[in-house]
1. Any chance you could count how many residues in the stretch 152-168 are assigned to a loop (DSSP other than H, G, I, E, B) and open to solvent by less than 30 Å² (accessible area, probe 1.4 Å)?
2. Answer yes or no as to whether Met28 is touching a residue at least 60 places away in the same chain (Cβ under 8 Å) and within 15 Å of Pro104 (Cβ to Cβ).
3. Hey, Asp123 hits all of (1) within 17 Å of Met36 (Cα to Cα); (2) within 15 Å of the chain's Cα centre (by Cα) but one; which does it fall short on?
4. Residues of the stretch 107-161 being in contact with a strand residue (DSSP E or B) (Cβ under 7 Å, 6 or more places away or on another chain) and charged (D, E, K, R), which ones?
5. In the stretch 143-166, what residues are of a type outside the set (Val, Ile, Thr) and within 14 Å of Leu25 (Cβ to Cβ)?
6. Sort out which residues of the stretch 134-151 are more than 17 Å from the chain's Cα centre (by Cα) and assigned to a helix (DSSP H, G or I), and write them in order of number.
Amino acid sequence: MDVTLHLAQDPDADALLGRSPLAALIGMLLDQQIPMEWAFKGPATIARRMGTQDLDAHEIVAFEPETFARLLSDKPAVHRYPGSMAKRIQQLCRYLVEHYDGDPEAIWRDVDSGPELLRRLEDLPGFGKQKAQIFLALLGKQLGVRPEGWRQAAGAYGEPDSYRSVADITGPESLARVRAFKQETKAAAKAAESAQSAGRTKSSGG
């Protein structure tokens, strides 16, 4: 894997994401409750603090949990919740060691179809359906991994130029479009929740 990505908006961090499947997976794992760029900058920060140019699942699993948690907690912290994310990263790496001999690229190297790849991604610790679909879309749109039916398996995230997720980020402009979409989605969900709550109050009052 050797592609140019712009997910972290930082040359060194993006270079690691582009050459390391594990870094890309860890960035995707970290992408919750923090800005996208912060999440995808995380793998490079972890590698630097480990004193290495790359990330290796066996090496991460070998860390004492407390030591690895401290590595993520040092200022600036890798995530808003560094302790719980350190645990999740080690769980992910342990799964990769047990099922793929520590080679994350094996998840998609020989896969026959989009639905099968989605299933493999959903089996990863910390990857629900949405996260799996977003990563599948990233693989198809930017990393050249396109088994038959990958767009359909990725759902709305697989649609061309949908600007719904990191799968569509190729620079500052597309990052802004994805961020705007996320904000609109969040606002719509909040409005729907308020309307539902108001409806319940009216119903109980009537």
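1. The total comes to 3.
2. Values: touching a residue at least 60 places away in the same chain (Cβ under 8 Å): yes; within 15 Å of Pro104 (Cβ to Cβ): yes.
Against the criterion (touching a residue at least 60 places away in the same chain (Cβ under 8 Å) and within 15 Å of Pro104 (Cβ to Cβ)), Met28 qualifies.
3. (1)
4. Hit for the stretch 107-161 is Glu148, nothing else.
5. Leu143
6. Trp150, Arg151
The values are calculated or read from the model by the stated rules, or taken from the named source; none is laboratory data. Quick caveat: nothing in here was measured; it's all calculated off a predicted structure. With ideal geometry, Cβ positions are generated from the backbone for all residues, glycine too; neighbour counts draw on all protein chains shown. Quick note on the areas: whole protein, heavy atoms, side chains included, nothing else; ligands and nucleic acids left out. Shrake-Rupley method; radii C 1.70, N 1.55, O 1.52, S 1.80 Å.
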